[in-house]
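Below is one structure, written out as structure tokens, with a few remarks after it.
The values are calculated or read from the model by the stated rules, or taken from the named source; none is laboratory data. Predicted model, so just to flag it, every value in this text is computed and none were measured. Note that we place each Cβ from the backbone using ideal geometry, even for glycine, and neighbour counts take in every protein chain shown.
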Amino acid sequence: MGTGDVISQTVLEGHRSYNFFEFDRTFRFVFLGTFYTGPLIWAWFVKLDKIFVGHSLLSVIKRVALDQLLFSPVSYTGFILLLGFLQRLNFENIKEKWKTEFRQVYLTNLQLWPAVQLLNFYFIPIQHRLFVTKCVGIFWNTYLAWQTNQISRPRSFVMQSKIGKEYDY
């Protein structure tokens with residue numbers, strides 16, 4: 001997840017200067033990927049294979065449906081709540097963060113991950129599924145880092161570039 005945040009900051013947000021790069025933000029994403037997302041996805045894939053045994057198309061469709069309709073909303077809720085906690089937001093601000101970010105993140109998730117997971121569950125052995133999701137996840141995490149930091153960034157913060165242009169964040 002840290003790689004996605006670095007790409008988000010340097011490519012999408014233009015923080016190419018050391019002075020503007022938010023190292024604490026990247027650390028939060030590394031922490032969440034290491035101790036929340038990675039272990040959670042691995043355990044979920046193992047559980048899904050026990051719930052829906054076999055590799056028939058119907059079994060795979062059931063896995064994808066359960067993954068997207070149950071696991072994704074729960075895991076994104078946990079991610080947003082933990083991120084808010086790591087950003088040292090109070091409970092009211094964390095609730096507001098969830099209200100403003102969850103819907104957009106989940107709807108965007110539904111445009112990408114069902115197709116990825118359909119291919120992943122049908123063609124990829126369980127021991128390699130986390131690797132596949134992490135490869136696609138670099139791009140997803142870039143989006144996630146950008147999305148979860150656009151809404152929550154204080155609007156009063158104005159950055160001035162070396163050429164004199166102001167950027168309102």
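The number of residues in segment 4-21 being among the β-branched types (Val, Ile, Thr), closer than 16 Å to residue 147 by Cβ and either in contact (Cβ under 8 Å) with a residue 40 or more places away in the chain or out of contact with any helix residue (DSSP H, G or I) (no Cβ under 8 Å at 6 or more places or on another chain) (or both) comes to 2.
One residue alone among 144, 82, 119 is surrounded by fewer than 15 Cβ atoms within 10 Å (Cβ to Cβ) and either part of a helix (DSSP H, G or I) or in contact with an Asp or Glu (Cβ under 6 Å, 6 or more places away or on another chain) (or both), and that residue is 119.
Mind checking which residues of segment 60-79 are buried (at least 16 other Cβ atoms within 10 Å of the Cβ) and touching a residue at least 40 places away in the same chain (Cβ under 8 Å)? Listed by number, the residues that qualify are 60, 63, 64, 67, 68, 72, 79.
Of the listed requirements (1) within 20 Å of residue 4 (Cα to Cα); (2) under 18 Å from the mean Cα position of the chain (by Cα), residue 15 misses just one: (2).
Would you check if there is a residue in segment 55-74 being aromatic (Phe, Trp, Tyr) and touching an Asp or Glu at 6+ places or on another chain (Cβ under 9 Å)? No, every residue in segment 55-74 fails to be aromatic (Phe, Trp, Tyr) and touching an Asp or Glu at 6+ places or on another chain (Cβ under 9 Å). Among the numbered conditions (1) over 29 Å from residue 126 (Cβ atoms); (2) of a type outside the set (D, E, K, R); (3) in a helix (DSSP H, G or I), the only one that residue 18 does not meet is (3). Only one of the numbered conditions (1) out of contact with any helix residue (DSSP H, G or I) (no Cβ under 7 Å at 6 or more places or on another chain); (2) at negative phi is not met by residue 81, and that is (1). Looking across segment 45-78, the residues that are within 16 Å of residue 124 (Cα to Cα) and either in contact with a His (Cβ under 9 Å, 6 or more places away or on another chain) or of a type in the set (Val, Ile, Thr) (or both) come down to 46, 53, 60, 61, 64.
Name the pairs: first residue in segment 85-112 and assigned to a helix (DSSP H, G or I), second residue among the β-branched types (Val, Ile, Thr) and modelled with pLDDT under 95, Cβ to Cβ under 7 Å, at least 6 apart or on different chains? Correct list of pairs: 100/151; 101/148; 101/151. Selection of segment 1-43 for residues being aromatic (Phe, Trp, Tyr), under 19 Å from residue 138 (Cβ atoms) and surrounded by 12 or more Cβ atoms within 10 Å (Cβ to Cβ) yields 21, 27, 29, 31, 36, 42. Among the residues of segment 22-58, those that are in contact (Cβ under 8 Å) with a residue 40 or more places away in the chain, over 20 Å from the mean Cα position of the chain (by Cα) and in a helix (DSSP H, G or I) comprise 46, 48, 49, 57.
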